[in-house]
Amino acid sequence: MYVEGSPIADRATPDVPLEKRWDERKFTAKLVNPANRRKHRVIVVGTGLAGGSAGATLAEQGYHVVQFCFQDSPRRAHSVAAQGGINAAKNYRNDGDSAYRLFYDTVKGGDFRSRESNVYRLAQVSGQIIDQAVAQGVPFAREYGGLLDTRSFGGVQVQRTFYARGQTGQQLLIGAYQALSRQIDAGNVELHARTEMLDLIVVDGKARGIVARDLITGEISTHLADAVVLATGGYGNVFYLSTNAKGSNATAIWRAHKRGAYFANPCFTQIHPTCIPRSGEHQSKLTLMSESLRNDGRIWVPKRQADTRPPRDIPEDERDYYLERQYPSFGNLVPRDIASRAAKNMCDAGYGVGPGGLGVYLDFADAIERLGRPAIEARYGNLFDMYQRITAEDPYQVPMRIYPAIHYTMGGLWVDYDLQSTVPGLFVIGEANFSDHGANRLGASALMQGLADGYFVLPATLNDYLGGTELDSVQAEDEAVVRTETQVRQRIEQLLSIKGKRSVDSFHRELGLLMWDYCGMSRTREGLTKALERVPELRAEFWRDVRIPGSSAELNQELEKANRVADFLELAELLLIDALHREESCGGHFREEHQTPEGEARRDDDNFSYVAAWEHGEIPVLHREELAFEHVHPTQRSYT
Ligand SMILES: Cc1cc2nc3c(=O)[nH]c(=O)nc-3n(C[C@H](O)[C@H](O)[C@H](O)COP(=O)(O)OP(=O)(O)OC[C@H]3O[C@@H](n4cnc5c(N)ncnc54)[C@H](O)[C@@H]3O)c2cc1C
């Protein structure tokens, strides 16, 4: 299934005390003189919060940025969908928050599978992100007195989540986008919208460019640079149904993986507890109801199994507020992995509500009575409207029905402290890298990480690479460049020549179901083995029988999807291998064989306290990065 490779280590973290590491790294990083920055071209793939902030900042520094997204505008990147908020250790509430506490919560929340140095830096720069966004005019919610308002998210006992109603991602993205637009207008960023990266160009072992396809005309083009930054988001859509935008995909990171970038912890996927349940077989997308709703909403199921009474007819003493009962300290705000498993356990035991018993209630009656409807409208109005439009039920009158769904991927390309992958010159930021969230991401931490990477971390470490690396000139005619472009063309021709009978979606749907059933909320050796037998068969069928109408020289969305699904079919296998090899439960990775008598995840720190960094090959090669916990000592996570 896989072979063992040599251990891997992060060599970029300075060997000084934790609090001094980021300052030390910035100080020792080589600088590039402003006049010389203009001479460097940097490719940034992605315009979400990570890519948008990086592109704007690098261009502001003076680099020539060439930036790509597959949407028609940077503003449509999937980050626009983020609802609930962004964490920062500002301690405006004076409730005991600090950078150290944010660091501690994140390492613990990630079930002790993240790198301390990276997480501490994230906590350190979190406050700067809010300052930057406020300076850009991002309309965060404010208290009556004008101070920025905050709310709680899961897994923490302070209120450190800044928000803009239920549209935090959109507002932050507008901020990053206007900074990027300024640089586009100034000629420092060359933007290629509706253009998809299909391969990475590696010359003499260094990332030197990409091959991309214009999604409108089908034209294949090559773009060369001194460094490449991938900010291409997560791969949750390998499960077909997820809360991610339909277009989110793994192609950029998967192709980079095949060119030498190690893939870390692919099996660490996050299942979000509060999504609108599936409505039927033909659904192609799931909708998130933000975690912020758990600030005021109370989760419950009837105490009687298969109770079909309308929720308002079920008296208080016949309801089980199971999170408040099982986890009194954190109540409804336990971390996502724990809340998701608890909902599944309730439904599996026959207490679920709604069609098929696959739902639990999220009830606002108490909050509306306590705070009044206008206060709830002000906090969550757009989420309530969205829920009502999708379900035709009014959540001000009846509780929402929610069920867990695939939401986020903690795994991604392996990066060191500098956010550099194992291919020199290839940097990976935002959800596309594996960095900070271990085996479970805490709510409101993805926006923080994407913006920390883009606004603050990458701009410092990229300087060091460009200032300290000998870069030969690379031409479009060079053998490696031509070869990569030819391979991209051949693959497209091959896909179009199959002319089979099955639609791309039918393959994607089958893959997703397989992954959800055997590698979703709980995983077993038997199920993973079964999926590992089926995925290669499905992949072979895809390459024999997929039907892609039309040609490559036009807008062809079936071809776009086929390219992406072909990559999902490969990534899925690595994800399953990773899940099978990790004989422990941690965070979102729940192996039924490894649980406590209470049904909680049982980690195996003696044998699995490492990042699994996979090298591509005929058979995947496993490189382990041992994790050291000098500050937050691994314990059995407790939220009771
Ligand atoms: C519904 C929902 C709500 C969420 N709410 C929150 C929240 O409240 N707080 C929080 O912290 N997190 C939240 N998250 C998570 C968070 O939104 C994401 O993790 C984050 O926005 C990812 O940002 P990114 O910049 O890394 O990637 P994305 O925003 O996904 O951007 C990816 C970019 O890469 C481009 N791209 C990808 N592949 C290619 C390619 N091959 N070629 C060219 N371009 C490419 C895309 O066009 C896009 O511009 C939420 C997620 C979802 C699904």
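The values are calculated or read from the model by the stated rules, or taken from the named source; none is laboratory data. Predicted model, so just to flag it, every value in this text is computed and none were measured. Note: ideal-geometry Cβ built from the backbone for every residue, glycine included; neighbour counts use all protein chains shown. Please note that ligands, DNA and RNA were not included when accessible areas were found on the heavy atoms of the full protein model with its side chains. Shrake-Rupley method; radii C 1.70, N 1.55, O 1.52, S 1.80 Å.
If I ask for residues that are of a type in the set (Gly, Ala, Ser) and more than 12 Å from the ligand (Cβ to nearest atom), which ones from segment 51-67 would you list?
ALA56, ALA59, GLY62 - these are the residues of segment 51-67 that are of a type in the set (Gly, Ala, Ser) and more than 12 Å from the ligand (Cβ to nearest atom).
For segment 474-485, state whether one or more residues are under 30 Å from LEU622 (Cβ atoms), assigned to a loop (DSSP other than H, G, I, E, B) and either out of contact with any Ser or Thr (no Cβ under 8 Å at 6 or more places or on another chain) or touching a residue at least 60 places away in the same chain (Cβ under 8 Å) (or both).
No: zero hits.
Tell me the residue from PHE239, PHE263 that is farther than 20 Å from GLY55 by Cα, touching a strand residue (DSSP E or B) at 6+ places or on another chain (Cβ under 7 Å) and more than 13 Å from the ligand (Cβ to nearest atom), please.
Result of the check over PHE239, PHE263: PHE263.
Answer yes or no as to whether ARG151 is more than 16 Å from GLY454 (Cβ to Cβ), at pLDDT below 95 and under 22 Å from the mean Cα position of the chain (by Cα).
yes
Among the listed residues ALA245, ALA250, which satisfies the condition of being of a type outside the set (Asp, Glu), under 20 Å from GLU558 (Cβ atoms), open to solvent by 30 Å² or more (accessible area, probe 1.4 Å) and within 9 Å of the ligand (Cβ to nearest atom)?
Selected residue: ALA245, the only one of ALA245, ALA250 that is of a type outside the set (Asp, Glu), under 20 Å from GLU558 (Cβ atoms), open to solvent by 30 Å² or more (accessible area, probe 1.4 Å) and within 9 Å of the ligand (Cβ to nearest atom).
Out of GLY84, GLY52, report the one residue that is in contact with a Phe, Trp or Tyr (Cβ under 7 Å, 6 or more places away or on another chain) and part of a helix (DSSP H, G or I).
GLY52
Tell me which of these GLY233 doesn't satisfy, since it passes every other one: (1) more than 11 Å from the ligand (Cβ to nearest atom); (2) open to solvent by 10 Å² or more (accessible area, probe 1.4 Å); (3) in contact (Cβ under 8 Å) with a residue 24 or more places away in the chain.
The number of the failed condition is (1).
Does any residue of segment 254-266 turn out to be crowded, with 24+ Cβ neighbours inside 10 Å and either free of Cβ contacts under 8 Å to residues at least 60 places away in the same chain or acidic (Asp, Glu) (or both)?
No, segment 254-266 contains no residue that is crowded, with 24+ Cβ neighbours inside 10 Å and either free of Cβ contacts under 8 Å to residues at least 60 places away in the same chain or acidic (Asp, Glu) (or both).
Go over the candidates ASN118, ASN87 one by one and state the one that is more than 10 Å from the ligand (Cβ to nearest atom) and either of a type in the set (Lys, Arg) or open to solvent by less than 20 Å² (accessible area, probe 1.4 Å) (or both).
After ruling out the rest, the residue left standing is ASN118.
Would you be able to say whether some residue in segment 61-80 is open to solvent by 60 Å² or more (accessible area, probe 1.4 Å) and either in a loop (DSSP other than H, G, I, E, B) or touching a helix residue (DSSP H, G or I) at 6+ places or on another chain (Cβ under 7 Å) (or both)?
There is at least one residue in segment 61-80 that is open to solvent by 60 Å² or more (accessible area, probe 1.4 Å) and either in a loop (DSSP other than H, G, I, E, B) or touching a helix residue (DSSP H, G or I) at 6+ places or on another chain (Cβ under 7 Å) (or both).
In contact (Cβ under 8 Å) with a residue 40 or more places away in the chain, outside any loop (DSSP other than H, G, I, E, B) and surrounded by fewer than 16 Cβ atoms within 10 Å (Cβ to Cβ), is that true of GLU19?
For GLU19, the condition - in contact (Cβ under 8 Å) with a residue 40 or more places away in the chain, outside any loop (DSSP other than H, G, I, E, B) and surrounded by fewer than 16 Cβ atoms within 10 Å (Cβ to Cβ) - is met.
Collect the residues in segment 267-278 that are under 20 Å from GLU570 (Cβ atoms) and either open to solvent by 10 Å² or more (accessible area, probe 1.4 Å) or within 14 Å of the ligand (Cβ to nearest atom) (or both), keeping them in residue-number order.
Of everything in segment 267-278, those that are under 20 Å from GLU570 (Cβ atoms) and either open to solvent by 10 Å² or more (accessible area, probe 1.4 Å) or within 14 Å of the ligand (Cβ to nearest atom) (or both) turn out to be PHE268, THR269.
When you go through THR47, THR57 one by one, which is the residue that is in contact (Cβ under 8 Å) with a residue 60 or more places away in the chain and in a helix (DSSP H, G or I)?
Testing whether each residue is in contact (Cβ under 8 Å) with a residue 60 or more places away in the chain and in a helix (DSSP H, G or I) leaves just THR57.
State whether one or more residues within segment 324-332 are in contact with an Asp or Glu (Cβ under 6 Å, 6 or more places away or on another chain) and away from the ligand (no atom under 16 Å from the Cβ).
Yes, because at least one residue in segment 324-332 is in contact with an Asp or Glu (Cβ under 6 Å, 6 or more places away or on another chain) and away from the ligand (no atom under 16 Å from the Cβ).
Does segment 214-230 hold any residues that are buried (at least 24 other Cβ atoms within 10 Å of the Cβ) and within 12 Å of the ligand (Cβ to nearest atom), and which are they?
Correct list: VAL228, VAL229, LEU230.
Any residue in segment 507-518 that is of a type in the set (Gly, Ala, Ser) and without any contact (Cβ under 8 Å) to a residue 60 or more places away in the chain?
For segment 507-518, residues of a type in the set (Gly, Ala, Ser) and without any contact (Cβ under 8 Å) to a residue 60 or more places away in the chain: absent.
Only one of ASP464, ASP453 is surrounded by fewer than 23 Cβ atoms within 10 Å (Cβ to Cβ) and either within 16 Å of the ligand (Cβ to nearest atom) or over 17 Å from the mean Cα position of the chain (by Cα) (or both); which?
Matching residue, one of ASP464, ASP453: ASP464.
Test ASN36 against the criterion of being open to solvent by 50 Å² or more (accessible area, probe 1.4 Å), under 30 Å from ILE338 (Cα atoms) and over 25 Å from the mean Cα position of the chain (by Cα), and give yes or no.
In short, no.
Does any residue of segment 31-50 turn out to be on the phi > 0 side of the Ramachandran plot and within 16 Å of the ligand (Cβ to nearest atom)?
yes
So which of ASP95, ASP111 is open to solvent by 50 Å² or more (accessible area, probe 1.4 Å), more than 10 Å from the ligand (Cβ to nearest atom) and charged (D, E, K, R)?
ASP95
In segment 243-281, how many residues are farther than 21 Å from ILE577 by Cβ and of a type in the set (D, E, K, R)?
3
Among the listed residues GLN397, GLN388, which satisfies the condition of being more than 27 Å from PRO335 (Cβ to Cβ), in contact with a Pro (Cβ under 7 Å, 6 or more places away or on another chain) and surrounded by fewer than 16 Cβ atoms within 10 Å (Cβ to Cβ)?
The conditions single out GLN388.
Could you grab me the full set of residues in segment 519-547 that are without any contact (Cβ under 8 Å) to a residue 24 or more places away in the chain, open to solvent by 20 Å² or more (accessible area, probe 1.4 Å) and closer than 17 Å to HIS589 by Cα?
Once the filter is applied, which keeps residues that are without any contact (Cβ under 8 Å) to a residue 24 or more places away in the chain, open to solvent by 20 Å² or more (accessible area, probe 1.4 Å) and closer than 17 Å to HIS589 by Cα, segment 519-547 yields only GLU526.
Of everything in segment 125-137, what is open to solvent by 10 Å² or more (accessible area, probe 1.4 Å), within 13 Å of LEU172 (Cβ to Cβ) and in contact (Cβ under 8 Å) with a residue 24 or more places away in the chain? Give them in sequence order.
Of everything in segment 125-137, those that are open to solvent by 10 Å² or more (accessible area, probe 1.4 Å), within 13 Å of LEU172 (Cβ to Cβ) and in contact (Cβ under 8 Å) with a residue 24 or more places away in the chain turn out to be GLN132, GLN136, GLY137.
Quick check, is PRO536 of a type outside the set (D, E, K, R), in a helix (DSSP H, G or I) and modelled with pLDDT of 95 or more?
For PRO536, the condition - of a type outside the set (D, E, K, R), in a helix (DSSP H, G or I) and modelled with pLDDT of 95 or more - is met.
Quick check on segment 279-298: of everything there that is among the small types (Gly, Ala, Ser) and away from the ligand (no atom under 12 Å from the Cβ), which residue is farthest from SER152 (Cα to Cα)?
Taking the candidates together, the pick is GLY280.
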